[in-house]
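Working notes, structure below.
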Amino acid sequence: MRDEEAALDIVQDAMLRLAEKYGHRPAGELPMLFHRIVQNAIRDWFRRQKVRSLWTTLLSSLGPGRDDDDQDPLETLQPPDGSEVQESPATQFERAQVLEIIRQEVARLPERQREAFILRYWEELDVAETARAMNCSEGSVKTHCSRAAHALQVALRARGVTLEMKS
């Protein structure tokens, strides 16, 4: 993981899940179950890290001329090629400031839009999973996500944030 604190958090969360969900099982089954829970937690952590690193790329696609309600603009992006580029401290600081502004603007979204947006683009749930989690139709999820994306675009522009598409 290369992050001791994250690794400790994952192990602690895995222990809690094991105790909550499988505490009634025989002691011989627990090591195997714990191993599986830890593996899944690690996969989830890496998936979330990937999504977090793509925030600026995802939000940069929210350009003008995207009035098609059936197409979700955030689903059409391709992630960067994975090559690691060292950023200068100034660039890292700038990125941190932009991410904080994005966090603030996401927090200002109406509750259902924020919920749909976070489930779809932060937690990486598909439309059907998000609809089940929100107890609504898939069409409602698409509408909430589209409105959230457009609201974020307007709010970010109003705060002077212009995101560039990474190629």
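The values are calculated or read from the model by the stated rules, or taken from the named source; none is laboratory data. Note that the structure is predicted; figures quoted are calculated from it, not measured. We place every Cβ from the backbone using ideal geometry, glycine too, and count neighbours over all the protein chains shown. Please note that ligands, DNA and RNA were not included when accessible areas were found on the heavy atoms of the full protein model with its side chains. Shrake-Rupley method; radii C 1.70, N 1.55, O 1.52, S 1.80 Å.
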Going by accessible area, probe 1.4 Å, with all protein chains left in place, what is the ranking of Met32, Met15, Met134, largest first?
-> Met32, Met15, Met134
In this structure, the FRET efficiency calculated for Arg112 and Ala27 from their beta-carbon separation, with R0 = 41 Å, to the nearest 0.05, is 0.40
Write out the trypsin sites (Lys or Arg not before Pro) in region 101-167 meeting two conditions: DSSP loop, and at most 16 other Cβ atoms within 10 Å of their Cβ.
-> Arg159, Lys166
